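Okay, so here's the structure we're looking at.
No lab work stands behind these numbers, since they all come straight from the coordinates. None of the values given here were measured: they were computed from a predicted structure. FYI the Cβ positions are ideal-geometry reconstructions off the backbone, even for glycines, and counts take in every protein chain you see.
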């Protein structure tokens, strides 16, 4: 009886540990193993920071996959309105490039390096099917209210979370900080919006053809 009880206790402990692991999404960066990738990424980030339309077009593959379902550079230019300094590409592409990448096998001959890892490593039954966002920070403080000086009610690290509201203004109307409201245990809390990401946000893929890197995809959604 004692051995059975100990065995059952061990099973419960292991089950609990396994369940806890299912609610985490640790960062991955397959691109770190290719010395050419960090150099290319740094140059691309610099070009995006200065709104360099020509540099960006030079790295876009002529058959790039677009969110509209229409492939090609012409559609890419139409969707992103690159001539505008306010084009979302100048902010959305850096966001995903700063996160880790995953090597994705497209077919027998082609592998692509795709970012961010959140989309490509998202568990099929994340958080029991209730999670809609991933904490992408090693540690972020969970606040009782959307404000930096609000009471801290916990801390999250690479957790999968159920998001209630993706964009909440700071209590201080003069503060530019945006917050994400999420479920935390039996209650609710807030984290900075830059510390959580949906798997359905923009993702991009790149291929190194031996001479240079090319962007083969920039899409959003499933």
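Placing a label point 7 Å from the Cα of residue 71 along the Cα-to-Cβ direction, the residues of region 182-222 with a backbone N closer than 12 Å are 216-217. Derived from the Cα gyration tensor, the three semi-axes of the equivalent ellipsoid of region 126-197 are 19, 12, 11 Å, largest first. Each principal axis of the Cα atoms in region 52-100 has its own extent, and those three values, largest first, are 26, 25, 19 angstrom. If you take the alpha carbon atoms of the chain and fit the smallest convex hull around them, that volume is 171 Å³ per residue. Annotation: extensible slack from residue 186 through residue 95 equals 29.7 nm (criterion: 0.36 nm per residue apart, minus Cα-Cα distance).
Please label the shape of region 145-187 as rounded, prolate or oblate, based on the square roots a ≥ b ≥ c of the eigenvalues of the alpha-carbon gyration tensor (a/c under 1.5 means rounded; beyond that, a/b larger than b/c means prolate, else oblate). It is prolate, given that a/c is not under 1.5 and a/b is the larger ratio. Residues 216, 36 in ascending order of nearby Cβ atoms (within 10 Å, fewest first): 36, 216.
Pull out the extension gain between residue 111 and residue 164, defined as 0.36 nm times the separation in residues minus the alpha carbon to alpha carbon distance; nm, one decimal. Don't jump to the answer; show the numbers that get you there.
Details: separation 53, 0.36 × 53 = 19.08 nm, distance 3.59 nm.
Answer, rounded to one decimal: 15.5 nm.
In the chain, the longest principal axis of the Cα atoms and the axis of helix 2-22 are about 30 degrees apart.
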